[in-house]
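Chemist: Structure below; questions to follow.
The values are calculated or read from the model by the stated rules, or taken from the named source; none is laboratory data. Predicted, not measured: the structure shown is a model, and the values here were computed from it. When we count neighbours, we look across all protein chains shown, and the Cβ atoms used for this are built from the backbone with ideal geometry, even at glycine.
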Amino acid sequence: MLSLKQIHKTYYPGQPNQQTALIDINLHLEKKDFITVIGSNGAGKSTLLNIVAGDVQPDGGAVYFRDREISSLPAERRADFIGRVFQDPLAGTAADMTIAENLALAQARGRRRGFRLALRAAGRQEFSRALKNLDLGLEKRLDEPVGLLSGGQRQALTLFMAVMGSPQLLLLDEYIAALDPRTAEQIIAISSSIIREKELTVLLVTHDLQQALRAGNRTIMMDRGEIILDVQKPQRDQLTVAGLLDKFARVRGRELTEDRLLLQAR
């Protein structure tokens, strides 16, 4: 489904603030793989997702999607087969537009004149039926501005919009980190249902080590631009958070000290 070969990326090369973000990354995803990505701040997680999405170009290496090299393909072209949800619930929707208008924009992605067609009566009925499955009452609020929604409702809508048009790969970038625990569990349940139904391949970046070991079928840990651990089922099922931290210490010769990861682990 997706292959990254010898990917490396350095920001501000040759300058005093030069930062090496990725070092010769090799990663292969099969269809329906669900990989959780963990690592401390600066490990390279977001850069990895940005390169897959096409928002950042690597300095070297190649990105392949279904055996087709897409390294030079711009992000807007990759949106036909890649969906993405960001950490900020406000990032994926237009606050001043209605729910129906936001959905029409998502449905029209990559199509000519799709926006007006989607807003017709038949399109609105389709939106209403689909939103009902989220069980958030959004199907009754199609004409309300998205800015009136709660953070959880807005993130659910963003998730729904990200998978419109049937992408094959879904990127989740700490998509529940800004939500309260109860709402986060609700969004996890919604996303799990969508992922199963659409048989999506998923890359999930998270700081929550429990979620990293619970979600999907494979966990990779990054540190200073490198993938240092790659654990798959069934071995991952036997791994605890303490065991994961111990593996990090043995591989890197130091303890993982990033506060946010350790707080999530407790």
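Chemist: List every residue pair whose Cβ atoms lie under 8 Å apart, where the two residues are 6 or more positions apart in sequence or sit on different chains, the first residue falls within the range 230-245 and is of a type outside the set (Val, Ile, Thr), and the second residue, located anywhere, is surrounded by fewer than 14 Cβ atoms within 10 Å (Cβ to Cβ).
Modeler: Within 8 Å, the pairs are LEU245/GLU255.
Chemist: Another question about this same structure. Restricting to the range 163-193, what's the tally of residues that are of a type in the set (A, V, I, L, M), buried (at least 20 other Cβ atoms within 10 Å of the Cβ) and part of a helix (DSSP H, G or I)?
Modeler: Selection size over the range 163-193: 1.
Chemist: Then there is this: If a residue must be in a loop (DSSP other than H, G, I, E, B), at pLDDT 90 or above and surrounded by 13 or more Cβ atoms within 10 Å (Cβ to Cβ), how many such residues does the range 132-146 contain?
Modeler: 3
Chemist: OK, next. Collect the residues in the range 236-266 that are among the polar types (S, T, N, Q) and modelled with pLDDT of 90 or more, keeping them in residue-number order. Walk me through how you get there before you give the answer.
Modeler: Of the residues in the range 236-266, the ones among the polar types (S, T, N, Q) are 238, 240, 257, 264.
Within the range 236-266, GLN238, THR240 qualify.
Chemist: Of the numbered conditions (1) surrounded by fewer than 17 Cβ atoms within 10 Å (Cβ to Cβ); (2) modelled with pLDDT under 85; (3) within 24 Å of ASP80 (Cβ to Cβ), ALA121 fails exactly one; give the number of that condition.
Modeler: (3)
Chemist: Give the range 209-224 a look and list any residue that's assigned to a helix (DSSP H, G or I) and more than 12 Å from ILE38 (Cα to Cα), or say none.
Modeler: Step one: filter the range 209-224 for residues assigned to a helix (DSSP H, G or I), giving 209-214.
Listed by number, the list holds a single entry, ARG214.
Chemist: Name every residue in the range 13-49 that is within 18 Å of ASP223 (Cβ to Cβ) and either assigned to a loop (DSSP other than H, G, I, E, B) or of a type in the set (S, T, N, Q) (or both), in order of residue number.
Modeler: Taking the range 13-49 as the starting set, the residues that turn out to be within 18 Å of ASP223 (Cβ to Cβ) are 19-27, 35-49.
Listed by number, the residues that qualify are GLN19, THR20, ASN26, THR36, GLY39, SER40, ASN41, GLY42, ALA43, GLY44, SER46, THR47.
Chemist: Taking ALA104, is it of a type in the set (A, V, I, L, M), closer than 17 Å to VAL146 by Cα, buried (at least 18 other Cβ atoms within 10 Å of the Cβ) and at pLDDT below 90? Break it down into steps so the answer makes sense when it comes.
Modeler: Values: of a type in the set (A, V, I, L, M): yes; closer than 17 Å to VAL146 by Cα: yes; buried (at least 18 other Cβ atoms within 10 Å of the Cβ): yes; at pLDDT below 90: yes.
Considered against the rule, which asks whether it is of a type in the set (A, V, I, L, M), closer than 17 Å to VAL146 by Cα, buried (at least 18 other Cβ atoms within 10 Å of the Cβ) and at pLDDT below 90, ALA104 comes out as yes.
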